[in-house]
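Heads up: the structure comes next, in structure tokens.
The values are calculated or read from the model by the stated rules, or taken from the named source; none is laboratory data. Keep in mind that what you see is a predicted model, and the values were worked out from it rather than measured. Here the Cβ positions follow ideal geometry from the backbone for every residue, glycine too, while neighbour counts run over all protein chains shown. The accessibility values were calculated without ligands, DNA or RNA, using every heavy atom of the protein model including side chains. Shrake-Rupley method; radii C 1.70, N 1.55, O 1.52, S 1.80 Å.
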4 protein chains.
Amino acid sequence: MSHNTFGHLFRFTTWGESHGPALGCVVDGTPPGLAIEAARIQHWLDRRKPGQSRFVTQRRESDTVEILSGVFEGRSTGTPISLMIRNEDQRSKDYGRIAEQFRPGHADYTYWAKYQGNRDYRGGGRSSARETAARVAAGAIAREVLNHLLPAPVEIKGALIQIGPHRIDRGAWDWAEVENNPFWSPDAATALVWEEYLDSVRKAGSSTGAVVEVVAKNVPVGLGAPLYGKLDADLASAIMSINAVKGVEIGAGFEAAALTGEENADEMRMQDGQVRFLGNKAGGILGGISTGQDVVVRFAVKPTSSILTPRKGVTTGGEEVDVSTTGRHDPCVGIRAVPVGEAMMAVVLADHLLRHRGQVGL
Amino acid sequence: MSHNTFGHLFRFTTWGESHGPALGCVVDGTPPGLAIEAARIQHWLDRRKPGQSRFVTQRRESDTVEILSGVFEGRSTGTPISLMIRNEDQRSKDYGRIAEQFRPGHADYTYWAKYQGNRDYRGGGRSSARETAARVAAGAIAREVLNHLLPAPVEIKGALIQIGPHRIDRGAWDWAEVENNPFWSPDAATALVWEEYLDSVRKAGSSTGAVVEVVAKNVPVGLGAPLYGKLDADLASAIMSINAVKGVEIGAGFEAAALTGEENADEMRMQDGQVRFLGNKAGGILGGISTGQDVVVRFAVKPTSSILTPRKGVTTGGEEVDVSTTGRHDPCVGIRAVPVGEAMMAVVLADHLLRHRGQVGL
Amino acid sequence: MSHNTFGHLFRFTTWGESHGPALGCVVDGTPPGLAIEAARIQHWLDRRKPGQSRFVTQRRESDTVEILSGVFEGRSTGTPISLMIRNEDQRSKDYGRIAEQFRPGHADYTYWAKYQGNRDYRGGGRSSARETAARVAAGAIAREVLNHLLPAPVEIKGALIQIGPHRIDRGAWDWAEVENNPFWSPDAATALVWEEYLDSVRKAGSSTGAVVEVVAKNVPVGLGAPLYGKLDADLASAIMSINAVKGVEIGAGFEAAALTGEENADEMRMQDGQVRFLGNKAGGILGGISTGQDVVVRFAVKPTSSILTPRKGVTTGGEEVDVSTTGRHDPCVGIRAVPVGEAMMAVVLADHLLRHRGQVGL
Amino acid sequence: MSHNTFGHLFRFTTWGESHGPALGCVVDGTPPGLAIEAARIQHWLDRRKPGQSRFVTQRRESDTVEILSGVFEGRSTGTPISLMIRNEDQRSKDYGRIAEQFRPGHADYTYWAKYQGNRDYRGGGRSSARETAARVAAGAIAREVLNHLLPAPVEIKGALIQIGPHRIDRGAWDWAEVENNPFWSPDAATALVWEEYLDSVRKAGSSTGAVVEVVAKNVPVGLGAPLYGKLDADLASAIMSINAVKGVEIGAGFEAAALTGEENADEMRMQDGQVRFLGNKAGGILGGISTGQDVVVRFAVKPTSSILTPRKGVTTGGEEVDVSTTGRHDPCVGIRAVPVGEAMMAVVLADHLLRHRGQVGL
């Protein structure tokens, strides 16, 4: 089963609600001997942290991670690594309305219906994107696995490539630019367009969607366990499980539908005794197995459902109401999804690396 | 682990290669007392069968299913149902070239690299889309589970909505039309466009991609196990595991990225004491849990990699060659992916129905 | 995989080391609406707590449990329940010797060898029986599941039936007696024998083994998923995973080997329209499925490996040494295994109850 | 879930009933490049085959195995290996009585109750020990995994050490003797005692229990994944899942309960730079991890429940009847459990070898 656990040989289990005392994860299957320090995990958590610009939620959380087990004298011991993050800013307020109102686009109604009225409605409870902090922490361990076991470090980088109707110019892609703007945009010019657009969205109390692209370089050939543990199938599951994601594609993705076989086939030549591909429509995966090329995943994030404009909703008692959300929220939750997408890529690759090593060897 | 097994409480394991003696699956977790007959499974297999029009592969396979276990006097016993389909048309030919050449776009190279040169190269072996016959057989059992346990039968229907650059007119959507043309098109006019387009593709020895949409009606509210067994995450994995699929989306999917929160939020009203949604941008899933609306999944299928035009490839020995594929093939493998997508939808829903019944009750 | 996770639909994942900051577990798959309070969990933890008599370890731990997630306003929400217990008495001492010496009978050598020298050696680290506190906490939740879903509460009770060479008189079995002595003995007379025996063992700095019996009453017929999720197979795995356990048996167990078919077959009659068994050699399980009779499990616990008498050991550096263990320890770790055995019985039954409800219904 | 699947990285799924057309298994996770031939699998199947002496069932089955997938040109390809055995001797007879009568000691009642009356009652259906043929076939593949990956071949050998009240003399143990008598007895003298005893049991239409011991030599140190994938916990589950098994022990097993810590601790010395144990009370496993010593498992098999003497039973309609079983049966099913126990040992070790290689490396 996979209620709250992701992965097989390398796996993590998350727990916690938006307004409970804490959240965290248990990371299991880590090889022994990895250098694990809170500060290295914190580095990745800080990239996802709220309140870092006016374009993300103003909730104040330091997201400080504590290592509770599985690490001894700075090294992983192969036993479960328990990571905990205390919730700090559970702003005291009247939750009366949210307790009784189903907000359109949120998981309020479905959790209420599935769990027969038992739910922590405060801030969305378990369905809140705050849970993704635990994913980023697990992803930090996964990155150490990849670095530890492979000769060349796997580089995993994400970027935002679309906000609302505005898409970047792929010709202007510059990875260095990603760290220079609050949107993880690889294209400086588009970042300026987004800034203006998001300011208007934010002021209107509205929200907007986005598209994220995550790329993994130096992935060895051979990862992926056909047919129901294909690398792309596991990536699709990992990414679709992120809050607000509505679509996932690999390589050419939906554009492949319009192509001919000639256009889509990535041709091959030899280079220095190695197979070299002349294109990467496949996004680094053929038959569910990595080709050795960049693994490229793209995903769509829907607009934040918390908006000021009243929308038609209903209550737990079956009354029709107008719902307007006034609290702190991300006008474009896709921005903070970038480090989460990176983390899930890292986790999937680490899991498959261990599985491949188990069945086939390295 | 999930090498060749899909699902949890309701699960199936597939086996077999394109040119081996047979292929099949073991379906486990079926509730007892379901009416299971070979003829009912055959009905669904026949929809996926090759050779039914000039637009699909001309390989001759009756795809006759045998039930080897788990059914007694026409009823499921709750024990594993083993289903086998004999391969009939393993055309005897010289496999010399395919044994040594990596065809661009195929899984030849990745299987060879992963499995250290050990692979059944004939017809793609394990990576062949012939495996999807086993999925359709498992899906037939899954449909019985859904029908047996729910008061209103879940209806699962698929359609092709794009071939190459030609997309259907959604305004003209007519489910009845789907059975009237060899493309599962819900739009008769577009079917004619596709016919002409595919004839030209076929005659050129080329191929093209496609987009499939699968819809499930009467899905009860509450299916889905957050956070890593979300209904949409499992659908994404199920669909992405189908041969040649490069993208999956739920509801509005990638279009959600361009929307505002106002546009995207499916508003709610009450009707006859039930929550009624005024839109379905969510595709029937919020927070990973079904809303009771239609579950809508769309996926992109890449063009068949087997084409006549020579493409640059390499050999197992590291030589550069031109590869041209002359055998029987589907010019648009997306067509036969429609019943496969339906089957995977059925399997995911059946699994989640049992899991939900286990944790929460029905 | 099942590194540190036990169970399927109802499952828990434990983490923590003997001398780390804390230990705990994440319980997943709990049905919604169960009454869950720290005090109710604490009740069971207190039965396993060290320091309650001179016959168990004198380590001072309050074993206070904190609920970090998954419970809202006293009710389970169906989301993961994270439970944490702080370690309080990590007596500061020089761990130099234990860091370098492999103690005979302990897991020092195997952890060191498996994890390539990376291990938390303090107090046995992850291999310490302190981890069983987390099992007891998870078992407390499992008991609520059983009580919540079944009309008659499942009663799970354990007793010690042998210490060293001294076995109880089964004819004198009195469940009420179990709470009246520090050994969980159902036979008052034998408890006195044990007291004297254990005092001599304790004073000699030695240790001794034990046999535990756990009985579950009111288990419904039908639990167990043949063939590799048989109720007895899962119980065997659950019990054998407890520290120091070396044998598990169901019903007549090893004695069945000496019986004839006539002696072993539990005959059946009807009573009030129900099947009634005239014996219970089967221990409540036939073909891996519960019969509705008492489920009876017995297990052997080896003597604590920490003893004063020097034994031949070796060091991490390959030197031969004499090892003598002077710290606090349980002279008969079997005593504190009783509540742990009960907890594992509860967990297995809860998991199978949910699985059965999922596949077959209740 | 683990209904009919055993193992994680190396896993198999079995299917089939006693009197259906066939039975078989799908073995998944096999490393590529192993030499796999039907004849090598048949070698192990022949050891379990019925009808080989007057002390086992006279059912006539050649148990001929067919390889349907996963092997190409004599080598495993890393894809699922489907193995099928046709049932040949489904003696046509009137099943009327068995259809309606619950035989004491059999799984008739529990299957009927669990699966709501849906069951294949012929010859016990799914609960028949015929399913163990599939285990032996899977075990044959597992042996190849162990041989292929390890420098010294793991030797797995089983013996019968008790029939009814008659136990072998361990001092007379001679592995060579095991192949010289129809009981797998390592002690020639006891074999003669058993022969006489079993003849009397057989003539009386009765049956008797047995104890089996399985030993694995050359198991590398480090196999086992604490805490819920301990090597001994997985062995306990694997063995307890075999038909008619009621107890499992490792090393000293239940005898450890009577020992002192001094007696039980296996002391250690160095020899040729390697840790050498001076005893093996642990049965080759400490803390759930293999020590490098022989892994020793012992298990109790209950007497066959099919006996001539009438026993009190009931019918599906709730009538009280006397049940007498006249068909072919094993007077001591423990004999044929020896190769099954060996197979399960092989499967557990192969799975753990791959898992260890995955997490830690080899």
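Just so you know, in segment A:267-292 the residues that are touching a strand residue (DSSP E or B) at 6+ places or on another chain (Cβ under 8 Å), part of a loop (DSSP other than H, G, I, E, B) and surrounded by fewer than 23 Cβ atoms within 10 Å (Cβ to Cβ) include one that is nearest to the other protein chains (Cβ to nearest Cβ), and it is A:GLU267. For segment C:198-211, what are the residues that are at the interface with chain D (Cβ under 9 Å from one of its Cβ atoms) and not in a loop (DSSP other than H, G, I, E, B)? The answer is C:VAL201, C:THR208, C:ALA210, C:VAL211.
Would you check if A:ILE67 is within 10 Å of another protein chain (Cβ to nearest Cβ), in contact with a helix residue (DSSP H, G or I) (Cβ under 7 Å, 6 or more places away or on another chain) and surrounded by fewer than 24 Cβ atoms within 10 Å (Cβ to Cβ)? When the stated conditions are applied, A:ILE67 passes them. Selection of segment C:115-149 for residues being touching a Ser or Thr at 6+ places or on another chain (Cβ under 7 Å), at the interface with chain D (Cβ under 8 Å from one of its Cβ atoms) and either in a helix (DSSP H, G or I) or closer than 27 Å to C:HIS356 by Cα (or both) yields C:ARG126, C:GLU131.
Please find, within segment C:306-317, the residue that is farthest from D:ASN264 (Cα to Cα) out of those that are open to solvent by less than 70 Å² (accessible area, probe 1.4 Å) and at the interface with chain D (Cβ under 9 Å from one of its Cβ atoms). Looking at the filtered set, the residue picked out is C:VAL314.
Within this structure, A:TRP194 fails the test of being among the aromatic types (Phe, Trp, Tyr), surrounded by fewer than 18 Cβ atoms within 10 Å (Cβ to Cβ) and either touching a strand residue (DSSP E or B) at 6+ places or on another chain (Cβ under 6 Å) or more than 7 Å from every other protein chain (Cβ to nearest Cβ) (or both). Of the residues making up segment D:318-362, those that are of a type in the set (Gly, Ala, Ser) and in contact with a strand residue (DSSP E or B) (Cβ under 6 Å, 6 or more places away or on another chain) are D:GLY318, D:GLY334, D:ALA337, D:GLY341, D:ALA346. Checking each residue in segment A:293-312 for being in a loop (DSSP other than H, G, I, E, B) and in contact with a strand residue (DSSP E or B) (Cβ under 7 Å, 6 or more places away or on another chain) picks out A:GLN293, A:ASP294, A:LYS302, A:PRO303, A:PRO310. Being touching a Lys or Arg at 6+ places or on another chain (Cβ under 9 Å) and in contact (Cβ under 8 Å) with a residue 24 or more places away in the chain is the requirement here; does A:GLY253 meet it? Here the answer is yes, as A:GLY253 does meet what is asked.
Examine segment C:85-108 for a residue that is free of Cβ contacts under 8 Å to residues at least 24 places away in the same chain, on the phi < 0 side of the Ramachandran plot and at the interface with another protein chain (Cβ under 8 Å from one of its Cβ atoms), and state whether such a residue exists. Scanning segment C:85-108, I find at least one residue that is free of Cβ contacts under 8 Å to residues at least 24 places away in the same chain, on the phi < 0 side of the Ramachandran plot and at the interface with another protein chain (Cβ under 8 Å from one of its Cβ atoms), so the answer is yes. Any idea which residue in segment D:330-362 is nearest to the chain's Cα centre (by Cα), counting only those that are assigned to a helix (DSSP H, G or I) and among the acidic types (Asp, Glu)? Result: D:GLU342. Return yes or no: is A:GLY247 assigned to a loop (DSSP other than H, G, I, E, B) and farther than 15 Å from A:ILE163 by Cβ? No; evaluated as a whole, the condition is false for this residue.
Residues that are modelled with pLDDT of 95 or more and closer than 27 Å to A:PRO104 by Cα: does segment A:136-159 have at least one? Among the residues of segment A:136-159, not one is modelled with pLDDT of 95 or more and closer than 27 Å to A:PRO104 by Cα, which makes the answer no. Considered as a group, the residues in segment C:197-209 that are farther than 18 Å from C:VAL338 by Cα and among the small types (Gly, Ala, Ser) include one that is surrounded by the most Cβ atoms within 10 Å (Cβ to Cβ), and that residue is C:SER206. Candidates are the residues of segment A:318-329 that are assigned to a loop (DSSP other than H, G, I, E, B) and at pLDDT 95 or above; the one that is nearest to the other protein chains (Cβ to nearest Cβ) is A:GLY318. Within segment D:286-307, one or more residues are touching a Lys or Arg at 6+ places or on another chain (Cβ under 9 Å) and modelled with pLDDT under 95.
The residue of segment D:218-244 that is farthest from the other protein chains (Cβ to nearest Cβ), among those that are part of a loop (DSSP other than H, G, I, E, B), open to solvent by less than 10 Å² (accessible area, probe 1.4 Å) and among the β-branched types (Val, Ile, Thr), is D:VAL219. You will find that of D:ARG60, D:ARG75, the residue that is without any contact (Cβ under 8 Å) to a residue 60 or more places away in the chain, touching a Leu at 6+ places or on another chain (Cβ under 8 Å) and away from chain C (no Cβ under 14 Å) is D:ARG75 and no other. Only residues that are closer than 22 Å to D:ALA300 by Cβ, surrounded by 24 or more Cβ atoms within 10 Å (Cβ to Cβ) and not aliphatic (A, V, I, L, M) were counted in segment D:254-266, giving 1. Set side by side, the residues B:ARG11, B:ARG59, B:ARG54 differ, and just one is open to solvent by 10 Å² or more (accessible area, probe 1.4 Å) and touching a strand residue (DSSP E or B) at 6+ places or on another chain (Cβ under 8 Å), which is B:ARG11. Within segment C:70-81, one or more residues are open to solvent by 20 Å² or more (accessible area, probe 1.4 Å) and either within 20 Å of the chain's Cα centre (by Cα) or closer than 20 Å to C:VAL347 by Cβ (or both). Close Cβ contacts (under 8 Å, 6 or more residues apart or on different chains) running from residues in segment B:221-248 that are at positive phi to residues that are among the basic types (Lys, Arg) comprise B:GLY222/A:LYS114; B:GLY224/A:LYS114; B:GLY224/B:LYS230; B:ALA244/B:LYS302. For segment C:150-189, which residues satisfy the criterion of being within 21 Å of C:VAL219 (Cα to Cα), open to solvent by less than 70 Å² (accessible area, probe 1.4 Å), assigned to a strand (DSSP E or B) and not β-branched (Val, Ile, Thr)? Hits for segment C:150-189 are C:LYS157, C:GLY158, C:ALA159.
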